[in-house]
Every structure is written in C-alpha cells, then in structure tokens.
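The values are calculated or read from the model by the stated rules, or taken from the named source; none is laboratory data. On a predicted model such as this, the values are computed, not experimentally measured, just so you know. Note that each Cβ is placed from the backbone with ideal geometry, even for glycine, and that neighbours are counted across all protein chains shown.
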Amino acid sequence: MLKEFKEFIARGNVIDLAVGVIIGSAFTAIVTSLTNNLINPLIGLFLGKIDLSNLVFKVGDATFKYGSFINAIINFLIIAFVVFILVKAINSLLPKKEEADSPETTESILADIRALLKDQDQSNK
C-alpha cells in the first residue's frame, strides 16, 4: 500500500495539481488584499467613504453581512478575469492542433467504392 501511495504521489499531474493549489491560494490572498485595501476604499469614495465589508442589515437577531458578500464577488471577478487572461495567453503560445478533415459523407464513400468497382471490372476484362 505504501508503494502504491509513492507511485501515486510521484505522478506528474498530482504534483502539478499541488503546485497549482498552493499558487492559487497565495494568489487568492493577494486578490483579497487588493480588494480590501485598494478597490473597496476606491468604491467607498463614490459611496460616501463606506467600508463595504461593514455593510450589514439586521432582521430580528439575524445579521446579514452583504458587504462581505460584495467583497467576495469582487474577488471572484478579479480572479476569474486573471485566469481568463492566463489561459488566453497560454493558448496563444501553444501550437494549434490541426483541424481534422471533415468526416467523409456517405455519398463520397459510395462514389469511391463505385470507382474502385469500375477499376476492378475494367482490369478483369
């Protein structure tokens, strides 16, 4: 069982995945800081110097922190945009796969068979 575990861990895609998760979590921390320390104060200037993370409304004893939810949406949009740009850049660097020829139609296959049969019939004469 230990040997199988070592083989599993030694696979390249598992290590790549681990590196991706670590870098992703570090990037998330950077984006969260960007949102909290730069974007929210900028938005707050237009909304009357309001810290978005402190926006709440209460219903009875329940407190709804919709400002924190707005922060999470901003974080998501920034991360999604950066990932989109990275994927687009990587795709432009990689060679494009050649498009496969369109599959032959039934008519073209039958025409090929008919031509082969004609050639075979003429060679038999």
Between a residue in the range 27-44 that is at negative phi and any residue that is surrounded by 12 or more Cβ atoms within 10 Å (Cβ to Cβ) and among the acidic types (Asp, Glu), which pairs come within a Cβ distance under 7 Å, given they are 6 or more apart or on different chains?
ASN40/ASP51; GLY44/ASP51
Restricting to the range 52-99, what's the tally of residues that are over 15 Å from ILE39 (Cβ atoms) and not in a helix (DSSP H, G or I)?
16
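What number of residues in the range 22-51 are assigned to a loop (DSSP other than H, G, I, E, B) and either at pLDDT 80 or above or within 20 Å of LEU77 (Cα to Cα) (or both)? Spell out the reasoning first.
Residues of the range 22-51 that are assigned to a loop (DSSP other than H, G, I, E, B), as a first pass: 48-51.
Going one step further and asking which of them are either at pLDDT 80 or above or within 20 Å of LEU77 (Cα to Cα) (or both), we end up with 51.
Of the residues in that region, 1 qualify.
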